[in-house]
Amino acid sequence: MRISVFQIDAFTSTLFAGNPAAVCPLDSWIDARLMQSIAMENNLSETAFFVRSGAHYDLRWFTPSMEVDLCGHATLAAAHVIFGYIEPSLDSVLFQTKSGPLSVQRQENLLSMDFPARPGTACAVPDELKEALGESPQQVFLARDYLVVYESEETIKSMSPDFNQLLQIKNCLGVIVTAPGMKSDFVSRFFAPQAGVPEDPVTGSAHCTLVPYWSQRLNKKKLHAFQLSRRGGELYCEDWGDRARIAGQAVTFLEGSIIL
């Protein structure tokens, strides 16, 4: 059995930056345990699998340790594969997912995703969170992830979390840290050791929470963002109320086959 596989660097225009995702187009669904094993073997923050279903594609995402309900960079990567290798005549693609329908459009040199907004609710700072991050935040919010707001970009850059301590926080998938940007509207990093991803290079789904927060704080709808991981990534976002536009570029690193 052979399964096609692509490795795509998402939210970047150059190789060896952004967030690498594996993408596996399937003719029909294979067992979820096998998809999880493939994701574990790939050892990237996400592996995406999709199957054509009429006019749309069904899409699922796996980290090395679990299936997740939403992933931005692997959705961008899957759209890049469809536009570049499977249906190059398309200008938009619709995915059906565990988070509902997600569309991606080609807009000049960007791929633009229509995602659900996930605004956070203000909450107290859990002791474990403060100890894990080592810095006292200005504000903390909770949606799927904790959103932890700091004063400066330098704080975000220099942060060195205690990942063992982060593992003790059970009521979220991950932790977003953010601050105003020096050359962008805002910057962020994302930590998710509970999902087998200590630090994710660029996290589209985290921007479902970041976009509503920064749109309200800055009183602007269109936002430019950088994620300050070692690889780094650039995102162009827009607040659409209950939806968020999250756009970026993608490049192909690898094309091959998985042999089972």
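The values are calculated or read from the model by the stated rules, or taken from the named source; none is laboratory data. Computed from a prediction, not measured in an experiment: that's the story for all the values here. As a convention, Cβ positions derive from the backbone with ideal geometry for all residues, glycine included, and neighbour counts pool all protein chains shown.
Details
- When the range 113-141 is filtered for residues that are more than 21 Å from residue 153 (Cα to Cα) and either free of Cβ contacts under 8 Å to residues at least 60 places away in the same chain or exposed (fewer than 14 other Cβ atoms within 10 Å of the Cβ) (or both), the ones remaining, listed by number, are 121, 122, 123, 124, 126, 127, 128.
- Among the residues of the range 208-226, some residue qualifies, meaning at least one is buried (at least 23 other Cβ atoms within 10 Å of the Cβ), touching a Lys or Arg at 6+ places or on another chain (Cβ under 7 Å) and under 30 Å from residue 84 (Cβ atoms).
- Taken across the range 6-14, residues that are over 13 Å from residue 249 (Cα atoms), part of a loop (DSSP other than H, G, I, E, B) and modelled with pLDDT of 95 or more do not occur at all.
- Scanning the range 225-245 for residues that are free of Cβ contacts under 8 Å to residues at least 40 places away in the same chain and either assigned to a strand (DSSP E or B) or more than 20 Å from residue 150 (Cα to Cα) (or both) returns 237, 238.
- Residue under evaluation residue 85, criteria (1) in a helix (DSSP H, G or I); (2) surrounded by 20 or more Cβ atoms within 10 Å (Cβ to Cβ); (3) of a type in the set (Phe, Trp, Tyr), criterion not met: (2)
Quick grid of which residues meet (1) closer than 23 Å to residue 40 by Cα; (2) surrounded by 18 or more Cβ atoms within 10 Å (Cβ to Cβ); (3) modelled with pLDDT of 95 or more; (4) among the β-branched types (Val, Ile, Thr):
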{"site": "235", "(1), (2), (3), (4)": "no, yes, yes, no"}
{"site": "240", "(1), (2), (3), (4)": "no, no, yes, no"}
{"site": "245", "(1), (2), (3), (4)": "no, yes, yes, no"}
{"site": "258", "(1), (2), (3), (4)": "yes, no, yes, yes"}
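- Elements of type helices (runs of 4 or more DSSP H) contained in the range 105-219, each with 1 or more residues being among the charged types (D, E, K, R) and under 25 Å from residue 65 (Cα atoms): 127-133
- For residue 49, the conditions (1) buried (at least 16 other Cβ atoms within 10 Å of the Cβ); (2) over 21 Å from residue 28 (Cβ atoms) all hold with the exception of (2).
- Per the listing 70, 76, 15, the residue uniquely touching a residue at least 60 places away in the same chain (Cβ under 8 Å), within 28 Å of residue 227 (Cα to Cα) and loosely packed, with under 15 Cβ neighbours inside 10 Å is 15.
- Residue pairs meeting the criteria (Cβ under 6 Å; at least 6 apart or on separate chains; first more than 14 Å from residue 5 (Cβ to Cβ) and β-branched (Val, Ile, Thr), in the range 33-54; second assigned to a strand (DSSP E or B) and at pLDDT 95 or above): 51/26; 51/58
- Annotation: of all residues in the range 117-127 being in contact with a helix residue (DSSP H, G or I) (Cβ under 6 Å, 6 or more places away or on another chain) and of a type outside the set (A, V, I, L, M), the one that is nearest to residue 243 (Cα to Cα) is 118.
- Checking the range 177-191 against the condition returns no match, with no residue being at pLDDT below 95 and either within 20 Å of residue 61 (Cα to Cα) or surrounded by fewer than 15 Cβ atoms within 10 Å (Cβ to Cβ) (or both).
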